[in-house]
Amino acid sequence: MSTSSPHILVTEPIPQAVVSYLQNTGEVTVAQKGAYQSEEQLLQDLPKYDALLCMLSTPVTEKVLNKAKNLKIVANFAVGYDNIDVKAANKLGIKVANTPNVLTEACGDYAMGLLLALSRKFKEAEQYLRDGKFTGWEPLGFLGMELRGRTLGIIGMGRIGQAFAQRARAFGMNIIYHNRSPIDPKKEKALDAEYFNDHKELARRSDVLSLNCPLTEETHHLVDRELLKIMPQHALLINISRGAVIDEAVLAEALHDEIIGGAALDVFEEEPKVHPKLLSAPNTLLLPHIASATHKTREAIGMLAAEAITSVLQGKPDDEIPNLISR
Ligand code: GLV
């Protein structure tokens, strides 16, 4: 391997414009779909590379990092980075970057879309039509929850939480939120949002509860049996954050037992597996982790990750490397 041209591993096919950009910096290997979803393959291959552009499904563990002797940077093709052991990377002097900002609007749109689809029963109604059961307009058919005047509780009021809140305000919803700390008062005022220090009280007051927080030790299984019982029986749950923020087995039971009104889930505890009881749960929308999936956003995510890689490989100082994460 030549020392003059760094080797860059991209763990899934990504937009071509991003690959072309990276090719100006080094020799780029783009893996086939699904090639690096386990530690084994990474342990074997990563030691050959100087930079890693990985997915949220790539397990960049301490064990993997310890073996990656040439690695200088891990750039995640995502804003969430719970797949990377950042502490271990920092200790080894390996930089880590993520991709905030560029996916905020796509995710805000998507959360609103999930809420509309769930509250107005798009999936069930369409299936009914396709099954040939639509025999005429029915005054009592597919009655859903009207959003105006209802309360949206947001757990995790970062950029994406705020983007969702902004849209929900336009639909006449009241916004309450829980966060590590209250957001900037100006932003709070613009959204007419009320802060709740206690997430349980927030859940009690929410007609719709939306998870927009990162997955951390504190948020793991934040939605558990107790919280589901606290939620109003008609309440809808939306999750576009990470699957493990919810105890999936408990949620599946709660949906079957009609403890809550429904759920729209874009993320799962053990992707790509989906809990079998969720698959048969009523009033449940299940989608394959596509909140940021627009052409524009996915290219922007890739470019941001690629810029971080290029900056590190060119030896730029930390303050010139976009979105570095340290722990
Ligand atoms: C997607 O889930 C992301 O974290 O960007």
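The values are calculated or read from the model by the stated rules, or taken from the named source; none is laboratory data. None of the values given here were measured: they were computed from a predicted structure. Note that we place each Cβ from the backbone using ideal geometry, even for glycine, and neighbour counts take in every protein chain shown. For the accessible areas, the whole protein counts, side chains as well, though only heavy atoms, and no ligand, DNA or RNA atoms are used. Shrake-Rupley method; radii C 1.70, N 1.55, O 1.52, S 1.80 Å.
Of note:
- In a simple Cβ point-charge model (Lys, Arg +1; Asp, Glu -1; nothing else charged), the chain has a dipole of about 440 debye relative to its Cα centre.
- Most positive-pole-ward Cα, SER119, THR11, TYR21, against dipole of the chain from beta carbon charges: TYR21
- Coil-residue GluC sites (Glu not before Pro) of the range 194-299, DSSP, other Cβ within 10 Å capped at 13: GLU217, GLU218, GLU258, GLU270
- Surface accessible to a 1.4 Å probe, per residue, for the residues of the range 104-286, Å²: 51
- Of ILE160, ILE94, the order by accessible heavy-atom surface (1.4 Å probe, DNA, RNA and ligands excluded), from most exposed downward, is ILE160, ILE94.
- Above-threshold pairs, the threshold being 24 Å between Cα atoms, out of LYS72/LYS316; LYS273/LYS296; LYS95/LYS273; LYS63/LYS296: LYS273/LYS296; LYS95/LYS273; LYS63/LYS296
- Legend: helices of the chain (whole DSSP H runs) are marked when their alpha-carbon atoms reach 18 angstrom or more along the helix axis and their mean Kyte-Doolittle hydropathy is at least -0.5; marked are 104-119, 295-313.
- Modelled FRET efficiency - R0 22 Å, PHE122 with ILE290, Cβ distances, 0.05 increments: 0.90
- Subtracting the Cα-Cα distance of PHE134 and LYS189 from their residue separation scaled by 0.36 nm leaves 15.3 nm.
- The trypsin sites (Lys or Arg not before Pro) of the range 51-157 that DSSP puts in a loop, and whose beta carbon has at most 12 other beta carbons within 10 Å, are LYS69, LYS133, ARG148.
- At the residue level, HIS275 shows approximately 50 square angstrom of accessible surface with a 1.4 angstrom probe and all protein chains present.
- With contributions of -39500 (n - 2.57) from each DSSP H run of at least four residues, the per-residue ellipticity at 222 nm computed over the chain stands at -10000 deg cm²/dmol.
- Proximal lysines to LYS277, defined as alpha-carbon separation beneath 28 angstrom and excluding residues fewer than eight positions away on the same chain: LYS33, LYS121, LYS123, LYS133, LYS200, LYS229
- Phi angles of the range 40-54 translate, via the Karplus equation with coefficients 6.51, -1.76, 1.60 and θ = phi - 60°, into HN-Hα couplings of 3, 5, 5, 4, 6, 9, 4, x, 7, 10, 8, 9, 10, 9, 10 Hz per residue; Gly and Pro are given as x.
- DSSP bridge pairs, the chain: antiparallel proportion in percent, nearest 5: 5
- Only aspartates and glutamates eight or more places from LYS91 in sequence, or on another chain, were considered; those with a Cα closer than 12 Å are GLU62.
- Residues PHE142, PHE268, sorted by accessible area with the largest first, give PHE142, PHE268 [1.4 Å probe; ligands and nucleic acids excluded].
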